[in-house]
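What follows draws every value from the coordinates through simple rules; no lab data is involved. All of these numbers come straight from a predicted model, not from anything done at the bench. So basically every Cβ, Gly included, is an ideal-geometry build from the backbone, and we count neighbours across all protein chains shown.
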Amino acid sequence: MPELRQDPATKQWVIIATERAKRPEDYSIDSEQVEHPDYSESCPFCPGNEAMTPPEEFAYRTNGTEADTEGWWVRVIPNKFAALVPDGDLGRIKENGFFRRMSGVGKHEVVIESPIHNATIETMDLRQIEEILLIYRDGFSKLSQDRRFQFVTIFRNHGKLAGTSLIHPHSQMIATPIVPLHIRHRLEEAMRYYDDNGECVFCGMLAEELEIQKRVVLETEDFVAFEPFASSAPFETWIMPKKHAATYGSISIDDAKKFAAVLSRIMKRIYIDLSDPDYNYMIHTAPFKDANENWYHWFIQIVPRLTMIAGFELGSRVFINTTPPEAAAEFLRQGI
């Protein structure tokens, strides 16, 4: 029988559609893999093509090499087709006394994750993944110092269904002068839970998952990867630090490396077991001003794009998941 499940952190309901359930192995499809070269002279993200991109913001590079030249191993640049731009007025404007608008001020950056054109985070060596997570931390810190911005979204799109068009491995960071409404809702629910219970709802969720164990995919001394109880999509996976921290910007170098080890193992399992699916991942973190609060807890959410969102989901905002998270966790655990 189908189930309605509620996310304790957001109060959002999802449907676990057991009547049309798919077995985890049903998502593994033998599809023809396109071979890509390790360098493309037409790719703006490949080394030697730095002049094709806007001037870099910062990079991890070999000592003695100059900005916008070869010699980098992770590079951050402004998005050439930015959703928001760094210059403009933050004033709110009312149109016809009713509608509200403001200039599209923000910062939209691209993290070029590797000099190798056909690399992928699912198969990169651990050291490179560590560098990516550390440059996220440094980018977060730089963006948080701009008082015009309240929030940053760090995300990765992989594959056409996830919204990417360039093969070269990259992710993005967008700083905004507002906190998006669904993030505010998540924050308000977290504050309400803390006021009622005296603890972080995410810490409580993590404790329950560790006690039950049936949705846990991987546990280390410092991080837990699990399929959330109210998963909105098949194989939706969260990785959460055991130690409470509201913001990703506070992660230490040592913890970033431990996080990289868990992320690497989980992404490899998704890549192998689900035949390299399209996916999005997002780092959920508190707004800059709430960096030290006790009621929020950062985590990364990985959402494989295995099903399509249709009219019911768009109309109700209630997502239908055709694979119970318990079955997804059991399937992924087999390869860990």
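The Rg/Rh ratio of the stretch 3-333, with Rg taken over Cα atoms and Rh as the Kirkwood radius over Cα pairs, comes to 0.96.
With the contact rule set at Cα under 8 Å and sequence spacing of 6 or more, what percent relative contact order holds for the stretch 77-155? Each step should come with its number before you reach the end.
On the way: 64 pairs, mean separation 19.4, N = 79.
25 percent.
Cα gyration tensor of the stretch 57-182, axes a ≥ b ≥ c as square roots of the eigenvalues: rounded (a/c below 1.5), prolate (a/b > b/c) or oblate? Before the final figure, lay out the partial values.
Details: a/c = 2.47, a/b = 1.84, b/c = 1.34.
Prolate, since a/c reaches 1.5 and a/b exceeds b/c.
Label point 7 Å out from Phe155 along Cα-to-Cβ: which residues of the stretch 71-91 have amide N under 20 Å? Counting only backbone N, you get 76-86.
Using all pairs of distinct alpha-carbon atoms, the Kirkwood hydrodynamic radius of the stretch 136-229 works out to 16.5 angstrom. Summing Lys and Arg as +1 and Asp and Glu as -1 over all other residues whose Cβ lies under 13 Å from the Cβ of Thr69 gives a net charge of -3. Projected label points at Ile336 and Thr120, each 7 Å from Cα along the beta carbon direction, are separated by 2.2 nanometres. What the Cβ-Cβ distance of Glu208 and Leu314 gives, at R0 = 22 Å and to the nearest 0.05, is a FRET efficiency of 0.10. Fully extending the segment from Ser103 to Arg147 would add 14.2 nm, taking 0.36 nm per residue of separation and subtracting the current Cα-Cα distance.
The residues packed around Glu130, meaning those with a beta-carbon under 10 Å from its beta-carbon, carry a net charge of +1 if Lys and Arg are +1 and Asp and Glu are -1.
In terms of overall dimensions, the C-alpha atoms belonging to the stretch 89-129 reach 55, 17, 17 Å along their principal axes, ordered largest to smallest.
If you count Lys pairs in the chain whose Cα atoms are under 17 Å apart, skipping same-chain pairs closer than 8 places in sequence, the total is 9. Residues Val76, Val14, ranked from the fewest to the most other C-beta atoms within 10 Å, line up as Val76, Val14.
Along each principal axis, taking the top coordinate minus the bottom one, the Cα set of the stretch 192-325 gives 38, 34, 31 Å in descending order.
Taking label positions 7 Å along the Cα-Cβ direction at both His182 and Ile167, the computed distance is 3.1 nm, reported to one decimal. Computed over the stretch 228-298, the Cα gyration tensor eigenvalues convert (square root of 5λ each) into semi-axes of 25, 15, 10 Å, ordered from largest to smallest. Counting every other Cβ atom within 10 Å of each residue's Cβ, Ser165, Ser114 order from fewest to most as Ser165, Ser114. Amide H contacts of Thr69: none lie under 5 Å away among residues 5 or more positions distant or on a separate chain (H built 1.01 Å from N in the peptide plane; Pro and chain starts excluded). With both labels modelled 7 Å from their Cα along Cα-to-Cβ, the Gln6 to Ile272 distance reads 4.0 nm.
Amide H contacts under 5 Å for Phe223: Lys242, restricted to partners 5 or more places along the chain or on a different chain, H placed in the peptide plane at 1.01 Å from N. Across the chain, the longest run free of exposed loop sites, meaning GluC sites (Glu not before Pro) lying outside DSSP classes H, G, I, E and B with no more than 16 other Cβ atoms within 10 Å, spans 71-198.
Rounded, prolate or oblate: which fits the stretch 189-266 when a ≥ b ≥ c are the square roots of the eigenvalues of the alpha-carbon gyration tensor, with rounded for a/c under 1.5 and prolate only if a/b beats b/c? Oblate.
Other residues with beta-carbon under 14 Å from the beta-carbon of Gly249 carry, at +1 per Lys or Arg and -1 per Asp or Glu, a net charge of -2.
Please identify the DSSP H helices in the chain that span no less than 15 Å along the helix axis (Cα) and have a mean Kyte-Doolittle hydropathy of 0.0 or more. Span-like helices here: 126-144, 201-212, 253-273.
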